[in-house]
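What follows is a short report on a single structure.
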Amino acid sequence: MTASARGKLLWRLADLIERDAEELARIEVRDNGKLYAEMLGQLQYIPEWFRYFGGLADKIEGGVLPIDKAEMFSYTKREPLGVVVAITPWNSPLLLLAWKMAPALAAGNTIVIKPSEFTSCSTLEFARLFKEAGFPDGVVNTVTGLGSEIGAALVENPRVAKIAFTGGDATGAAVYAAAAKSIKHVTLELGGKSPNIVFADANLENAVKGAISGIFAATGQTCIAGSRLLVQRPIYEEMCQRLVAFAARAKLGDPMDLVTQVGPITTQAQREKVINYIEIARGEGARCLLGGGTPDAPELAKGWFVEPTIFADVTSQMRIAREEVFGPVLSIIPFEDENEAIEIANDTIYGLAAGVWTSDIRRAFAMANLIKAGTVWVNTYRAVSYMAPFGGYKQSGIGRESGQAMINEYLQTKCVWISLAESSPDPFVMR
Ligand code: TXE
């Protein structure tokens, strides 16, 4: 298929996703329990990844080298890697899949998708659209099953050229090690313990909303959760009070209901993990300002709900500040000045994202420079785009997704040498 034809297929697919966005969003909600409003927003935005990378498909160019050897013609080609395996988690199955698929297909690879065992339905429905768009059989394939069986088998398969993985850090490390056996290309998007840093000169109303969206939106089940809220001492108590007042009003309930703000946790095991971390935080001496358990409203009894929970007086040494909870649990940590904020912010194995709230432009740039994270938001939080490279520093991952250059993560370079000489030179000397 020509690159232009590939691009057109991706555009056609984008139109079909747009057509079916509501139905796909409903399936996502039934699978993972996240808010319909959130999943619909994602589904309505996903087509842009396919349009953006579809537009790039016929702009993948090689070059002719001004090679420094007589009678030699040399050029480069950008070629697809081959079979790409996309392994996706349960929190935003189709969005995270689109981030992998759009560049992989635009670059001319074929793809095998392994969705999370907890949320396979939306991917299976999504895969139908590729047929309808006219993709040739075999280009997009879906295999469902347990990670430890099916996922592991795909990672070890020597015919697979690349693994594009989003999930937990322990699984990511296992995938990385297994992929190394057959020298596969790997991109990993793993967890985070993102600092959201509020300075005393910030617009506090906006900062409160930013903190809430960082940890309670998506019930905290997001890799970019702003789970550590660093607050400058002069506004520490005020921020704590404002956050409690705001979060206490959050409406828990049916994720399909448009007035719901905090839905349930996706799996029972994940809820147990979150509750366990709340107990750990209490045991470590963190001060629980809000929540701290499961809600007792009878209408919520059948769901895996956890109360929006806020801990104050957290220190960087506590497990609640070091380990990814992946639930609606906020840790508030006080700091004195910029230096201490940076020290605390970077005191983590992770480096996925960070937020900075300040009205001082010098400080905004200084913090953006010094924070070790793949994304830094200033006076905003949780913004993503098909144009913006996304990925982690340190143990939050390898490689980036989205953005023009990221198509290179799915390409390899070939250099072709053609001798135009009539006779061959001395065979014992390198040319
Ligand atoms: O993820 P897993 P889980 C974090 C979050 C959560 C923890 C565990 O902290 O509590 O991870 O969640 C497949 N070879 N994140 O257990 O195991 C699996 O089938 C190949 C962060 O659900 O990482 C699924 O498709 N594949 C995260 C995918 O890996 C394997 C989003 C992710 O599952 C495999 C979700 C193996 N050996 C959880 N084992 C984020 N970064 O957003 C499992 N899988």
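Show the residue pairs that are 6+ apart or on different chains and have beta-carbon atoms under 8 Å apart, the first residue being within the range 253-265 and in the same structural domain as Thr222 (by TED's automatic domain parsing) and part of a loop (DSSP other than H, G, I, E, B), the second being open to solvent by 70 Å² or more (accessible area, probe 1.4 Å) and among the hydrophobic types (A, V, I, L, M, F, W, C).
Gly253/Val259; Pro264/Trp304; Ile265/Trp304
Scan the range 298-310 and give yes if some residue there is of a type in the set (A, V, I, L, M), in a loop (DSSP other than H, G, I, E, B) and open to solvent by 20 Å² or more (accessible area, probe 1.4 Å), otherwise no.
Yes.
Taking Gly168 as meeting all but one of (1) closer than 30 Å to Ala321 by Cβ; (2) more than 16 Å from the ligand (Cβ to nearest atom); (3) of a type in the set (Gly, Ala, Ser), write down the number of the exception.
With (1) closer than 30 Å to Ala321 by Cβ; (2) more than 16 Å from the ligand (Cβ to nearest atom); (3) of a type in the set (Gly, Ala, Ser) applied to Gly168, the lone miss is (2).
Name the single residue, out of those in the range 325-373 being under 18 Å from the mean Cα position of the chain (by Cα) and among the aliphatic types (A, V, I, L, M), that is most open to solvent (accessible area, probe 1.4 Å).
Ile349
Going by the structure shown, is Met318 farther than 19 Å from Ala211 by Cα, open to solvent by less than 30 Å² (accessible area, probe 1.4 Å) and out of contact with any Cys (no Cβ under 8 Å at 6 or more places or on another chain)?
yes
Filter the range 238-249 down to residues that are open to solvent by 30 Å² or more (accessible area, probe 1.4 Å) and of a type in the set (A, V, I, L, M, F, W, C) and give me whichever is farthest from Asn206 (Cα to Cα).
Ala248
Select, from Gly108, Gly62, Gly55, the only residue that is away from the ligand (no atom under 16 Å from the Cβ), open to solvent by 10 Å² or more (accessible area, probe 1.4 Å) and either on the phi > 0 side of the Ramachandran plot or at pLDDT below 95 (or both).
Checking each option against the conditions leaves just Gly108.
Restricting to the range 140-152, count the residues that are open to solvent by 60 Å² or more (accessible area, probe 1.4 Å) and either assigned to a helix (DSSP H, G or I) or within 8 Å of the ligand (Cβ to nearest atom) (or both).
3
Which of the following residues is more than 27 Å from the chain's Cα centre (by Cα) and not charged (D, E, K, R): Pro295, Pro308?
Within the list Pro295, Pro308, the selection yields Pro295.
Could you list, in sequence order, the residues of the range 187-209 that are under 19 Å from the mean Cα position of the chain (by Cα) and closer than 22 Å to Gly253 by Cα?
Hits for the range 187-209: nothing passes.
Do you know which residues across the range 228-252 are of a type in the set (Lys, Arg) and free of Cβ contacts under 8 Å to residues at least 40 places away in the same chain?
Once the filter is applied, which keeps residues that are of a type in the set (Lys, Arg) and free of Cβ contacts under 8 Å to residues at least 40 places away in the same chain, the range 228-252 yields Arg242, Arg249, Lys251.
Identify all residues within the range 113-139 that are of a type outside the set (Lys, Arg), open to solvent by less than 60 Å² (accessible area, probe 1.4 Å) and near the ligand (Cβ under 8 Å from one of its atoms); write none if there are none.
Within the range 113-139, Pro115, Ser116 meet the criteria.
Any chance you could count how many residues in the range 99-109 are within 14 Å of the chain's Cα centre (by Cα) and either more than 16 Å from Asn141 (Cβ to Cβ) or charged (D, E, K, R) (or both)?
2
Condition first: more than 10 Å from the ligand (Cβ to nearest atom) and surrounded by 21 or more Cβ atoms within 10 Å (Cβ to Cβ). Now tell me which residues in the range 171-185 satisfy that.
Scanning the range 171-185 gives a single hit, Lys184.
Keeping to the range 285-297, report how many residues are open to solvent by 60 Å² or more (accessible area, probe 1.4 Å) and either within 22 Å of Thr315 (Cβ to Cβ) or of a type outside the set (Ser, Thr, Tyr) (or both).
Selection size over the range 285-297: 2.
The values are calculated or read from the model by the stated rules, or taken from the named source; none is laboratory data. Keep in mind the model is a prediction, meaning the values are calculated, not measured. Methodologically, a virtual Cβ is constructed for each residue, glycine included, from the backbone with ideal geometry; neighbour enumeration extends over all protein chains shown. Note: accessible area is taken over every heavy atom of the protein model, side chains too, but ligands, DNA and RNA are not part of it. Shrake-Rupley method; radii C 1.70, N 1.55, O 1.52, S 1.80 Å.
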